[in-house]
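Have a look at the structure below, then the notes.
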Amino acid sequence: MISRGIVTVAAVLILSSTLSWGRETAQHPFYRLDVRLDPEAGAIACTAQIERPRDTAFTISRDLEILRVSVDGKPARFERKPGTDGSSFTEISVDSPAARKLVIEYSGRIRKETYPEIMSRVNMISPGLAELANYVGWYPMPGNGGAFGFRLNVDVPKGYIVVTNGTLKSERTNGSRNVTTWESDAPTYSLALLAAPNLRKKQMSRDGVTVEMFYSALPEAYIDSMQTDLLRSMDILTGMLGPAPSNRTIRVVYSPRAGWGYVRVPMIVISEEYARKQLRQEYGRAQDFRYITHEIAHYWWNLADTNTPEDWINEGLAEYSALLVSEEIVGKDFADLLLRENRERAAGSITETAIMETEGNSPDREVNRYAKPALIFQQVREKYGDTQLKRFFRTLYDRFSQLNRATTPVFLEVAEKELGPEAGEFFSRALHDKRWGRDLAPREESHADDVFLGSWAGSLVQMNTTTRVVLNLAHKEGKLVPTLDSPDRNVSGIPVSSLRATGDSLRFKLSAFTVSFSGVLNRDGTTIQGEWIQGGISTPLTLTRVKPDGN
């Protein structure tokens, strides 16, 4: 029998709204950008008109000078301050919180030395190549993120070919300059453009899917065969995960430079120098195909925050999805080679940083977000089989899409539901283990650690209502016994139906109220950062250790 007090606190905690987390409305911001590029001088000049801005705080490259700012047709004051910790970006705050149209005029040179080498290798304005994505802050990026639409006019020297992640609407010549106009077909989260001379284009379509490929030095026969295989790749991924959430275009640009690649749906940018070197290697073409397929997989796996350790979800799932496709199209021998390479990378790594502790600028990023997750998924495949693994991927993608957000707690919840509690515990251990460099496998031991003993308090914000919750963990008969309090309702001792503590990971459920929580203990043992999942809706919740004196 449930007391009246417990029913009352449950009513406070349960959300009744039908709004989805992070769902964009029809009134998303719209960017109108007039961009002039001078590659020989390494310079850019731009006028950015932003309609319906969510706020008036932005980040932009510290190389660029803000010339003028206006709000709703009138000059506006703005403040510019450096980014934190020697950042390559500066923060722009405009003094007009209720702006309907914001116009920012700016210009300057994108200097290689301003950015970390990993960024400057793939984004630049230089003779023969202008390549720009979010990495160098070439347009005013909203501080609070979110989707936006765009119309982009790009003015470049005659002979340069422009490609963006929009749809080409028009092209004209103006003396010694070419101007192209591009528009977004749907809200996007980022803008990328590439301009280079001598780019050639080939296109192939089948069953409503189109592959566009831009290149300059690769053999034409190579491009033809790659287009055929990429159409098959799209078919396999669609069959496994459902229809792609973007338009039905794969736009591959072989950029005439070294370095790595990235995707801005539907545009995939990779190094032509890398592809040409692969031509001379055994399985070289297959490696190039796998590389592009990894980026195509990001059409689906792109909902985790790339600025946090959660990015392992994007990269790990894209990496293993590409492996599955490669096995079907290239063959099992090649898939086995990819697994061996990942094992060697993990074995050669001396890191003791767990996957869930790996930041974007960490030297362990590659091994922890690509190689290790692929090995984890392979172990799951070997244990549960292809059918269950692919069903898990499909359910996982559907759940992430509903939330418009991907987090590790949601991942673990779906794993436990689809594959069972043992799988949830396996993933949790693997993501938090720090001994991969020695063991090549996560620890098997699992126990409730004393570090969680005591009380943990946090504030749950739902629909503009803040509710305090306190989790109490006490030892009884050798195991952790949890209860939950709601101080705002003077209710205490709410029974928790299940709890698992593994290493620095904690999960519990209140089955009667369709509530679950998954979190990770920070390094100094003072907070548990996680997600409160209720009725299918995920809300961030940080629990802070309550000291014995009640503070």
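Within segment 223-258, the residues that satisfy the criterion of being more than 20 Å from the chain's Cα centre (by Cα), under 21 Å from Val163 (Cα atoms) and open to solvent by 10 Å² or more (accessible area, probe 1.4 Å) are Asp224, Arg248, Thr249, Pro256, Arg257, Ala258. Selection of segment 144-167 for residues being open to solvent by 30 Å² or more (accessible area, probe 1.4 Å) and not in a strand (DSSP E or B) yields Asn144, Lys158, Gly159. Farther than 26 Å from Ser126 by Cβ, at pLDDT 95 or above and of a type in the set (Val, Ile, Thr): does that describe Ile236? Judged against the criteria, Ile236 is a match. Scanning segment 303-329 for residues that are open to solvent by less than 10 Å² (accessible area, probe 1.4 Å) and either among the polar types (S, T, N, Q) or without any contact (Cβ under 8 Å) to a residue 24 or more places away in the chain (or both) gives Asn314, Ser321, Ser326. Within segment 80-106, restricting attention to residues that are part of a strand (DSSP E or B) and open to solvent by 30 Å² or more (accessible area, probe 1.4 Å), the residue that is modelled with the lowest pLDDT is Pro82.
Checking each residue in segment 372-409 for being over 30 Å from Leu541 (Cα atoms) and within 17 Å of the chain's Cα centre (by Cα) picks out no residue at all. When restricted to residues that are free of Cβ contacts under 8 Å to residues at least 60 places away in the same chain and of a type in the set (A, V, I, L, M, F, W, C), segment 56-78 contains 6.
Summed over segment 122-137, the residues that are outside any strand (DSSP E or B), surrounded by 15 or more Cβ atoms within 10 Å (Cβ to Cβ) and in contact with an Asp or Glu (Cβ under 9 Å, 6 or more places away or on another chain) give a count of 4.
Farther than 20 Å from Glu328 by Cα and among the polar types (S, T, N, Q), is that true of Thr210? Show your work before the answer.
Working: farther than 20 Å from Glu328 by Cα: yes; among the polar types (S, T, N, Q): yes.
Criteria met by Thr210.
Looking at segment 279-289, is at least one residue open to solvent by less than 30 Å² (accessible area, probe 1.4 Å), within 25 Å of Met124 (Cα to Cα) and touching a strand residue (DSSP E or B) at 6+ places or on another chain (Cβ under 7 Å)? The answer is no; no qualifying residue exists. Here the condition is being at pLDDT below 90 and part of a strand (DSSP E or B); of Val179, Val263, Val269, it holds for Val263 alone.
In summary, Arg200 fulfils each of the numbered conditions (1) in contact (Cβ under 8 Å) with a residue 60 or more places away in the chain; (2) touching a strand residue (DSSP E or B) at 6+ places or on another chain (Cβ under 7 Å) with the single exception of condition (1). Restricting the first member to segment 114-129 and to residues that are closer than 17 Å to Leu193 by Cβ, and the second to residues that are open to solvent by 30 Å² or more (accessible area, probe 1.4 Å) and assigned to a loop (DSSP other than H, G, I, E, B), the beta-carbon pairs closer than 8 Å and six or more apart or on different chains are Val122/Trp260; Gly128/Pro256; Leu129/Pro256.
Under 9 Å between Cβ atoms, which residue pairs at least 6 apart in sequence (or on different chains) link something in segment 377-388 that is in contact (Cβ under 8 Å) with a residue 12 or more places away in the chain and on the phi > 0 side of the Ramachandran plot with a partner that is buried (at least 17 other Cβ atoms within 10 Å of the Cβ) and among the basic types (Lys, Arg)? So the pair list comes out empty.
The values are calculated or read from the model by the stated rules, or taken from the named source; none is laboratory data. Keep in mind that this is a model prediction, so the values were computed, not measured. Because the Cβ atoms are built from the backbone with ideal geometry, glycine has one as well, and the counts that use them run over all protein chains shown. Quick note on the areas: whole protein, heavy atoms, side chains included, nothing else; ligands and nucleic acids left out. Shrake-Rupley method; radii C 1.70, N 1.55, O 1.52, S 1.80 Å.
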